[in-house]
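Chemist: One structure follows; several queries about it will come next.
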Amino acid sequence: YERLKMLHGIFHPEGGQFAFDFSWLAPSGLSTKDFIAPTSFTFSKDGKTFRIGEYSGAMSFLQILAPELTDRMLAEFLDLDDAVTVNLHIQSIDQATAIRNIKRKMSDLQKMKIEEQKKAVRAGYDMDIIPTDLATYGEEAQNLLQDLQSRNERMFLVTVLVQNIAPKRQKLFSDIMAASGIAQKYN
């Protein structure tokens with residue numbers, strides 16, 4: 001009952017009383033879905049937003065590959081002043097697989113660094129000057145590889161789903177921007 005009540009609250013952002021009893025199912029021929037379903041569910045043609053009744057909504061996702069998880073990001077999402085639902089899907093990655101993935105990323109970063117150096121030489125710049133992002137990512141990848149190999153740490157693939165719902169589209173887009181700011185901070 002509590003789970004159905006929670007789902008009813010998600011699918012009815014405008015509020016409303018949740019009226020349900022399990023004894024009503026057999027005589028009515030209805031299922032639990034009939035009691036929690038929204039009045040309407042419409043997806044936009046651009047595929048980025050949807051409508052639940054009179055409210056607009058959007059789903060966003062973020063994937064993070066991390067050796068440690070902190071609850072700070074979740075706390076910041078939940079501190080937003082809007083209607084937000086956050087789902088976390090966490091998958092532990094085998095250490096050998098994680099090391100292979102990190103080494104592959106380091107090779108990709110090295111390739112990007114070489115490409116940037118070639119561009120610099122063609123443009124007549126000093127080839128030792130590379131974008132700071134590449135240098136930072138390279139250092140982080142090296143530190144992460146060292147931690148995985150020497151400290152027996154685990155790697156996690158975290159998928160964060162964020163659902164924003166608002167009565168007006170303008171409010172929805174400002175809420176999405178606030179959530180995006182938090183996601184960028186932790187990615």
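Chemist: At pLDDT 90 or above and open to solvent by 100 Å² or more (accessible area, probe 1.4 Å) - does that describe any residue in segment 43-59?
Modeler: yes
Chemist: If you check every pair at least six apart or on different chains, which have Cβ atoms under 7 Å apart with a residue in segment 71-89 that is free of Cβ contacts under 8 Å to residues at least 24 places away in the same chain and of a type outside the set (S, T, Y) first and a residue that is open to solvent by less than 100 Å² (accessible area, probe 1.4 Å) and not in a strand (DSSP E or B) second?
Modeler: none
Chemist: Of (1) out of contact with any helix residue (DSSP H, G or I) (no Cβ under 7 Å at 6 or more places or on another chain); (2) over 26 Å from V158 (Cα atoms); (3) open to solvent by 90 Å² or more (accessible area, probe 1.4 Å), Q117 satisfies all except one. Which?
Modeler: With (1) out of contact with any helix residue (DSSP H, G or I) (no Cβ under 7 Å at 6 or more places or on another chain); (2) over 26 Å from V158 (Cα atoms); (3) open to solvent by 90 Å² or more (accessible area, probe 1.4 Å) applied to Q117, the lone miss is (3).
Chemist: While we're on this one: Mind counting the residues in segment 130-159 that are outside any helix (DSSP H, G or I) and within 25 Å of the chain's Cα centre (by Cα)?
Modeler: Total meeting the criteria: 7.
Chemist: Give the residues of segment 160-187 that are open to solvent by 20 Å² or more (accessible area, probe 1.4 Å), touching a residue at least 12 places away in the same chain (Cβ under 8 Å), of a type in the set (S, T, N, Q) and not in a loop (DSSP other than H, G, I, E, B), sorted by residue number.
Modeler: Q163, S180
Chemist: Among the residues of segment 6-42, count how many are in contact (Cβ under 8 Å) with a residue 12 or more places away in the chain, in a helix (DSSP H, G or I), open to solvent by less than 50 Å² (accessible area, probe 1.4 Å) and over 22 Å from N164 (Cα atoms).
Modeler: Of the residues in that region, 2 qualify.
Chemist: Now, a different point. Can you tell me which residue among E54, E76 is acidic (D, E), within 16 Å of the chain's Cα centre (by Cα) and under 21 Å from A166 (Cβ atoms)?
Modeler: Every option except E76 fails the conditions.
Chemist: From K103, K185, K171, which residue is at pLDDT 85 or above, within 17 Å of P67 (Cα to Cα) and among the basic types (K, R)?
Modeler: Result of the check over K103, K185, K171: K103.
The values are calculated or read from the model by the stated rules, or taken from the named source; none is laboratory data. Just so it is clear, the structure is predicted and the values come from calculations on it, not from any experiment. In this analysis, Cβ positions are derived from the backbone assuming ideal geometry, glycine residues included, and neighbour counts consider all displayed protein chains. When the accessible area is computed, the model is the full protein with side chains, heavy atoms only, and any ligands, DNA or RNA have been set aside. Shrake-Rupley method; radii C 1.70, N 1.55, O 1.52, S 1.80 Å.
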